[in-house]
Amino acid sequence: MTDFRTEKDSLGDVRVPADAWYAAQTQRAVDNFPISGIRFPRRFIEALGTVKLAAAKANEGLGILDSETAAAIADAAQQVRSGAYDDQFVLDIFQTGSGTSSNMNANEVISNLATVAKGGKKGDKIVHPNDHVNMSQSSNDVIPTAMHVSAVVAIELELLPSMEQFSAALQEKASEFDDVVKSGRTHLMDATPVRLGQEFGGYAAQISQAIQRVKSSRDELSELALGGTATGTGINCPAGFASSAIDFIGEATGLSFRESPNHFAAQSAKDAFVQASGTLNTLAVSLMKIANDIRHLSSGPTSGLSEIVLPAIQPGSSIMPGKVNPVLSEAVMMVCARVMGNHVTITTGGQHGNFELNVMMPVMAHAMLESISILAGAMNAFREKCLVGIRADRERCRELLELNPSIATALNREIGYDMASKVAKASAAEKKSVRQVVLEMGLLDEKVLDKLLDVRHMTEPGVPGD
């Protein structure tokens, strides 16, 4: 027994671990790119398996691949799709910018699995990695296709469900808090009254709008590069292959895909990918605002706003007894920062579509799938561990609102802006309510004042007192 076997490629002999299902080209890439240890995520490997499965079926249907070989490839590709051989996808994401090494990693694993299934040994190439598994394809259309398929699947199965649940939870809080009138704040300073439910309704609207943006981006990502082969011309790809293979991809995933109308754009540019990342970046900006607002609204308990109370899920300090921190908000904010950084990576990667091929695809794929995964995870955790348990401190909201000098805005039509400004300044300086200042100054009688200072009415369109 030996720990290695010898495989061959166009450059010569390569020693490969005896138990490895991959072969020479994968091993060369392992040796050449010992950079980060960061590997492609599950979704991308699943997508590679899906593409190889679909290609085998399409080639069989076209009569260019015999049924026995096609079945062996399809079975091996399905095992790759299932995750059974994830440990055989050993390449760093920092590799050749086309992802050729990862395409060959898939080809070699599937080739050896299919070869053994047909009675051969690893390395016999009864089912050839290039001639059979990669038939009618090129790394240059397989990798961009896998990028899009993996992103669409992740968006559909992970991100959109978490966004929809998050939006619904925010809307539930908006309804629950609709009766809570509190100080509005602009420039971090006291402003005219709002309802706590209106604030949460605004958050829900942000996520609802983000859902529509993500869906639009998902639809654009559903255009696949498969069929363009090396440079977009479709050399070595028979007529009908792309449409047939893409139909099989749709069948395998249960999602809708279509062939790109222009393979040169699909392979040399990654505009749809940059666009989709932009919607994730926008979602991250929205979540940063929501998480930040919630941690500020809960600040305290004695020295902050304390208008809402967050669930206490863990001790907040190793030295201060009883301290509880807005940890879920902080986790979400860090996720948002990471997604924003990933968007920079994808944007930069998108700029490097040199002539007929983009050469930064692996890192773009990794950044996209990480962003989708951590955004979904962050929203799920925040919703389950924080959002659903938020309580309004109605007494505190009332207390701060009564001392809010901006309530004097409601008096403008009765006593004029200048006099209302004097009232507001006196209220702030003397720590008295606007009501008390107006009555002490004898500006309005109590009945008129009651009508003007209806704080609930101030949270709706119209003129106070009407």
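The values are calculated or read from the model by the stated rules, or taken from the named source; none is laboratory data. Given the structure is predicted, the values throughout are model-derived calculations rather than measurements. Reconstructed Cβ throughout: ideal geometry from the backbone, glycine too, with neighbour counts over all protein chains shown.
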Revision key, fill the gap. Just one listed residue, out of A204, A230, is among the small types (G, A, S), in contact with a helix residue (DSSP H, G or I) (Cβ under 7 Å, 6 or more places away or on another chain) and in contact (Cβ under 8 Å) with a residue 40 or more places away in the chain, and it is A230
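Being closer than 23 Å to S136 by Cβ and of a type in the set (S, T, N, Q): is that true of N59 here?
Values: closer than 23 Å to S136 by Cβ: yes; of a type in the set (S, T, N, Q): yes.
So N59 passes the test.
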**Study point:** Which numbered condition E176 fails, given (1) in the same structural domain as G202 (by TED's automatic domain parsing); (2) surrounded by fewer than 18 Cβ atoms within 10 Å (Cβ to Cβ); (3) within 28 Å of L221 (Cα to Cα)
**Key:** (3)
Exercise for review: Can you work out which of the residues in the stretch 387-397 that are touching a residue at least 12 places away in the same chain (Cβ under 8 Å) and under 26 Å from M189 (Cα atoms) is surrounded by the fewest Cβ atoms within 10 Å (Cβ to Cβ)?
Suggested key: R391
Practice item. State which residue pairs qualify: first residue modelled with pLDDT of 70 or more and inside the stretch 455-466, second residue assigned to a loop (DSSP other than H, G, I, E, B) in any location, beta carbons under 7 Å apart, and separation of 6 or more residues or different chains. Key: H457/P464; M458/P464
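So which of G197, G254, G240 is over 29 Å from the mean Cα position of the chain (by Cα), farther than 14 Å from P144 by Cα and modelled with pLDDT of 95 or more?
On the way: G197 fails: over 29 Å from the mean Cα position of the chain (by Cα); G254 fails: over 29 Å from the mean Cα position of the chain (by Cα).
Sole residue among the options that is over 29 Å from the mean Cα position of the chain (by Cα), farther than 14 Å from P144 by Cα and modelled with pLDDT of 95 or more: G240.
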Practice item. Please work out if G240 is within 17 Å of K52 (Cα to Cα) and free of Cβ contacts under 8 Å to residues at least 24 places away in the same chain. Key: no
Study note, to complete from the structure: Taking the stretch 417-466 and keeping residues over 47 Å from the mean Cα position of the chain (by Cα), in a loop (DSSP other than H, G, I, E, B) and not small (G, A, S) leaves K432, L443, L444, D445
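Among the residues of the stretch 280-291, are any within 21 Å of the chain's Cα centre (by Cα), among the charged types (D, E, K, R) and under 28 Å from K173 (Cβ atoms)? Outline the logic, then answer.
Quick first cut of the stretch 280-291, residues within 21 Å of the chain's Cα centre (by Cα) only: 280-291.
The next check asks that each one be among the charged types (D, E, K, R); those that pass are 289.
Among the residues that remain, those that are also under 28 Å from K173 (Cβ atoms) are: 289.
Scanning the stretch 280-291, I find at least one residue that is within 21 Å of the chain's Cα centre (by Cα), among the charged types (D, E, K, R) and under 28 Å from K173 (Cβ atoms), so the answer is yes.
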Review point. When you go through (1) outside any helix (DSSP H, G or I); (2) within 16 Å of T229 (Cβ to Cβ) one by one for D131, which number turns out not to apply?
Key: (1)
Exercise for review: Scan the stretch 143-191 for residues that are closer than 29 Å to E402 by Cβ and aromatic (F, W, Y) and jot them down.
Suggested key: F177
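Please determine whether any residue of the stretch 316-329 is part of a helix (DSSP H, G or I) and touching a residue at least 24 places away in the same chain (Cβ under 8 Å).
Just the residues of the stretch 316-329 that are part of a helix (DSSP H, G or I), to begin with: 327-329.
The next check asks that each one be touching a residue at least 24 places away in the same chain (Cβ under 8 Å); those that pass are 328-329.
Looking for residues that are part of a helix (DSSP H, G or I) and touching a residue at least 24 places away in the same chain (Cβ under 8 Å), one finds at least one in the stretch 316-329, hence yes.
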Point to revise | Filtered residues of the stretch 15-45 (kept if under 19 Å from V127 (Cα atoms) and surrounded by fewer than 20 Cβ atoms within 10 Å (Cβ to Cβ)) | key: A18, D19
Check your understanding: Taking the stated definitions as given, is S111 buried (at least 21 other Cβ atoms within 10 Å of the Cβ), part of a loop (DSSP other than H, G, I, E, B) and among the polar types (S, T, N, Q)?
Key -> no
Revision key, fill the gap. Note on G97: of the conditions (1) in a helix (DSSP H, G or I); (2) closer than 16 Å to T145 by Cα, unmet is (1)
**Study point:** Residue check for V363: under 22 Å from A168 (Cα atoms), touching a helix residue (DSSP H, G or I) at 6+ places or on another chain (Cβ under 9 Å) and hydrophobic (A, V, I, L, M, F, W, C)
**Key:** no
